[in-house]
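Note sheet for the following structure.
The values are calculated or read from the model by the stated rules, or taken from the named source; none is laboratory data. None of the values given here were measured: they were computed from a predicted structure. Heads up, the Cβs are rebuilt from the backbone with ideal geometry, glycines too, and the neighbour counts pull from every protein chain shown.
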Amino acid sequence: MIVVFRPGSEESQIQDVIERLNRYGFDVHRSSGVNQTVLGAIGVKPEFDPRNIRVMEGVAEVYRVTEPYKFASRSWKKENTVIDVGGVSIGGEEVAAIAGPCSVEDERQIHDTAAHVAACGATFLRAGAFKPRTSPYSFQGLGEQGLQWLRAAADEQGLKTISEVMEIGQIDLVARYADILQIGARNMQNFPLLKEVGKLRKPVLLKRGPSAMIDEWLMSAEYVLSEGNAQVMLCERGIRTFETYTRNTLDLSAVPVIKKRSHLPILVDPSHGTGIRGKVIPMARAAVAAGADGLMIEVHPDPDRAKSDGPQSLYFEQFTDLMAQIRLIAQAIGRVVRDAPAAA
């Protein structure tokens, strides 16, 4: 249930409503916009009469939320959520560029990549230190050593970091080095993990599962939000279909669908979404045109020798071209992509 207050309602009126909802047995969450306060009351109370709240001082409207996800819905929050990551925004006017290799392989590799993507205008360095791989014999990541190199490379270039956490026991370690915790597609419905990252006050990027419907994806986001962490962003990374020409089928229609149904930022990962280097740039361009709040792009100094996901990783010169192209597309739709820093 959503309780909307009139603009300018007094704090005492808001507190009176919260106390009454608590007495009825509801868990109450508050969202305060520029001009209006909204309360979300969570609980199944079939016998409850909303008129008991509607008649209270300061209340403009009370209505039930039909979506199973309450805090992720537009009913809870009308305006877009903008997440501040150490002074860099995701979800606002700027289209965020998140780039880097699939995994940290060695110190030179991650430092070279950080220097190049920063020079092109990217604001986030991505790389995995713990890698969920289909085969137990594939490269599994470097663990804390990889996180240390990732953090050092990012700091050297003034970048923020994002890295994947695979299990509850890794949360504190990854959170020590990463500015954003990534929940990978395989863990989208790992509900104990989602609840634990929800207890942190650290941004979380939630990737869509390979067979997940949009409502299931939003319900997974709800697990994080319901624990009090409002800094959640979504990432479309392709779904499994009968098509075999690409690794996955990148569902760009998810971008406008999410924009209508949810206030959360949505990013697109065309690298995993296609799995083929030559298709990453066209789909990245299309993602920006569709309204994505950011891109996650795999970039590697030598993709042919990469230990993971080399065939979908861009060469440095390809990433340079992509950034120039998406700047033009962003400008055409009233958004911006950060310019490359001026040469010293």
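Kindly indicate whether any position in region 159-172 is in contact with a helix residue (DSSP H, G or I) (Cβ under 8 Å, 6 or more places away or on another chain) and part of a helix (DSSP H, G or I).
Within region 159-172, one or more residues are in contact with a helix residue (DSSP H, G or I) (Cβ under 8 Å, 6 or more places away or on another chain) and part of a helix (DSSP H, G or I).
Just one of the numbered conditions (1) crowded, with 18+ Cβ neighbours inside 10 Å; (2) touching a residue at least 40 places away in the same chain (Cβ under 8 Å); (3) not aromatic (Phe, Trp, Tyr) is not true of Gln318; which one?
(1)
Quick one: would you say Ala154 is of a type in the set (Gly, Ala, Ser), farther than 18 Å from Asp112 by Cβ, touching a Ser or Thr at 6+ places or on another chain (Cβ under 9 Å) and in the same structural domain as Ala129 (by TED's automatic domain parsing)?
Considered against the rule, which asks whether it is of a type in the set (Gly, Ala, Ser), farther than 18 Å from Asp112 by Cβ, touching a Ser or Thr at 6+ places or on another chain (Cβ under 9 Å) and in the same structural domain as Ala129 (by TED's automatic domain parsing), Ala154 comes out as no.
Just name the residue that is nearest to Glu67 (Cα to Cα) out of those in region 255-275 that are within 14 Å of the chain's Cα centre (by Cα) and in a helix (DSSP H, G or I).
Ile258
Among all residue pairs at least 6 apart or on different chains, which show Cβ distances below 8 Å where the first residue, located in region 257-279, is farther than 18 Å from Ser308 by Cα and the second is of a type in the set (Lys, Arg) and in a helix (DSSP H, G or I)?
Taking only residues 6 or more apart or on different chains, the pairs are Ile266/Lys259.
Does region 136-166 hold any residues that are of a type in the set (Asp, Glu) and either modelled with pLDDT of 95 or more or closer than 21 Å to Val268 by Cα (or both), and which are they?
Matches in region 136-166: Asp155, Glu156, Glu164.
When residues of region 225-248 are filtered for being surrounded by fewer than 16 Cβ atoms within 10 Å (Cβ to Cβ) and either at pLDDT 95 or above or within 17 Å of Ser211 (Cα to Cα) (or both), how many remain?
5
Does any residue in region 1-15 that is free of Cβ contacts under 8 Å to residues at least 60 places away in the same chain come within less than 6 Å, Cβ to Cβ, of a residue that is surrounded by fewer than 12 Cβ atoms within 10 Å (Cβ to Cβ) six or more places away or on a different chain, and which pairs are these?
Pro7/Asn35
Let me spell it out: the conditions are (1) under 20 Å from Gly100 (Cα atoms); (2) outside any helix (DSSP H, G or I), and Gly278 meets all of them except one. Which number is the exception?
(2) is the only condition that Gly278 fails.
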